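A short write-up of the structure that comes next.
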Amino acid sequence: MRIFDPHIHMTSRTTDDYERMHAAGIRAVVEPAFWLGQPRTNVGSFLDYFDGLLGWEPYRAAQHGVRHHCALALNPKEANDPRCAGVLDELPRYLLKDSVVAVGEVGYDAMTPEEDRAFEAQLALAREHGLPVLVHTPHRDKVAGTRRTLDVVRGMNPGMVLVDHLNELTVGMVADAGCWMGFSIYPDTKMDPGRMVAILKEWGTERMLVNSAADWGRSDPLKTREVGEAMLAAGFTAADVDRVLWENPVAFYGQSGRLSLDDPAPGADYAGNTILRGTR
């Protein structure tokens, strides 16, 4: 089983997770920029974070045979902080980088006017740079937030938009809009493998993406594998599993023209640093 996790926050994970992921069949990931938990107080802290997603994290992933790409954006939660507004001015030069395959996560957290402005501005950047968009739907009032999201992205080519964190109540409206549909599989919250299989039975495998969205909270980077196993147990074919866990994310992010899925060559170091600790 080959797996492409289209939404995972590896900055929050340990190097051991990369080893476990590779053993489970995960060969590629996209890491979208997100809120780190502790509020950032200036634009410079974002730029250091973006540099890490473009440099250190691909190096770390390659040590265990995982190809790392990223999506960059001012996330919805921090779009409400005026200290971070300048990130939008810095994004254009970062969106030119080879391993940036989308703009994201954009969208809504609390559905404020500030989030509206950041959302619209970053959709414009995505159009300008010819990049797909990864959209975060709010964890609260998800139905209203998803409906509002679809109103905002209506001017985009729906094939370039992935609306994420969906569930049984929101999948239908996104399917009808023609956008790609993303589902985050968690141990306790959001979706679980059984519910995901039920959605796939009802809605099919077209434009469906499954991710772990693993971060600093209770989450599991191997949940994509669990979905694949649950699909097989429910009667889906190996081709169905490959479509959801590999072909669909490749098709979506491949629209960037920057997706590279060759086995990564592990570098000896990155900027003089390695993941090794101590010597024999």
Self-check item: Yes/no for Arg258 being basic (Lys, Arg), closer than 22 Å to Asp98 by Cβ and not in a helix (DSSP H, G or I)
Solution: yes
Exercise. Test each condition in (1) in a loop (DSSP other than H, G, I, E, B); (2) under 17 Å from the mean Cα position of the chain (by Cα) for His64 and report the one that comes out false.
Key: (2)
Practice problem: Search the range 190-203 for residues that are over 14 Å from Asp240 (Cα atoms) and pair each with any residue that is acidic (Asp, Glu) and assigned to a helix (DSSP H, G or I) when their beta-carbon atoms are under 7 Å apart and the residues are at least 6 apart or on different chains. | Solution: Pro193/Glu226
Quiz item: Does the range 38-59 contain at least one residue that is closer than 30 Å to Arg147 by Cβ and among the hydrophobic types (A, V, I, L, M, F, W, C)?
Solution: yes
Quiz item: What number of residues within the range 157-177 are surrounded by fewer than 18 Cβ atoms within 10 Å (Cβ to Cβ), touching a residue at least 24 places away in the same chain (Cβ under 8 Å) and not in a helix (DSSP H, G or I)?
Solution: 3
Quiz prompt | From the options Asn80, Asn75, residue that is in contact with an Asp or Glu (Cβ under 6 Å, 6 or more places away or on another chain), of a type in the set (S, T, N, Q) and crowded, with 19+ Cβ neighbours inside 10 Å | solution = Asn75
Exercise. Please work out if Leu200 is out of contact with any Lys or Arg (no Cβ under 7 Å at 6 or more places or on another chain), part of a loop (DSSP other than H, G, I, E, B), buried (at least 16 other Cβ atoms within 10 Å of the Cβ) and at pLDDT 95 or above.
Key: no
Quiz prompt | Residues located in the range 224-280, provided they are buried (at least 19 other Cβ atoms within 10 Å of the Cβ), touching a Lys or Arg at 6+ places or on another chain (Cβ under 7 Å) and more than 19 Å from Pro193 (Cβ to Cβ) | solution = Pro264
Self-check item: Residues of the range 101-145 satisfying the condition of being in contact with a His (Cβ under 9 Å, 6 or more places away or on another chain) and more than 30 Å from Leu261 (Cβ to Cβ)
Solution: Tyr108, Asp109, Pro138, His139, Lys142, Gly145
Self-check item: Filter result for the condition that a residue is touching a strand residue (DSSP E or B) at 6+ places or on another chain (Cβ under 8 Å), surrounded by fewer than 22 Cβ atoms within 10 Å (Cβ to Cβ) and assigned to a loop (DSSP other than H, G, I, E, B), over Asp109, Asp98
Solution: Asp109
Practice problem: Can you confirm whether the range 226-240 contains a residue that is within 15 Å of the chain's Cα centre (by Cα), closer than 25 Å to Ser12 by Cα and touching a residue at least 24 places away in the same chain (Cβ under 8 Å)? | Solution: no
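Condition check ((1) closer than 23 Å to Ile275 by Cβ; (2) modelled with pLDDT under 95; (3) exposed (fewer than 15 other Cβ atoms within 10 Å of the Cβ); (4) not hydroxyl-bearing (Ser, Thr, Tyr)) across all residues:
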| site | (1), (2), (3), (4) |
| --- | --- |
| Asp48 | yes, no, yes, yes |
| Trp56 | yes, yes, no, yes |
| Ala61 | yes, no, no, yes |
| Asp89 | no, no, yes, yes |
| Tyr94 | no, no, no, no |
| Glu105 | no, no, no, yes |
| Ala126 | no, no, no, yes |
Quiz item: Of all the residues that make up the range 214-223, how many are at pLDDT below 95 and surrounded by 18 or more Cβ atoms within 10 Å (Cβ to Cβ)?
Solution: 4
Quiz prompt | Count of the range 138-156 residues which are assigned to a helix (DSSP H, G or I) and closer than 21 Å to Ile185 by Cβ | solution = 5
Self-check item: Tally of residues being among the acidic types (Asp, Glu) and out of contact with any strand residue (DSSP E or B) (no Cβ under 9 Å at 6 or more places or on another chain) across the range 251-278
Solution: 1
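The values are calculated or read from the model by the stated rules, or taken from the named source; none is laboratory data. Treat the numbers as computed from the prediction; the structure is a model and nothing was measured. Every residue, glycine among them, receives a Cβ derived from its backbone with ideal geometry; neighbour counts consider all protein chains shown.
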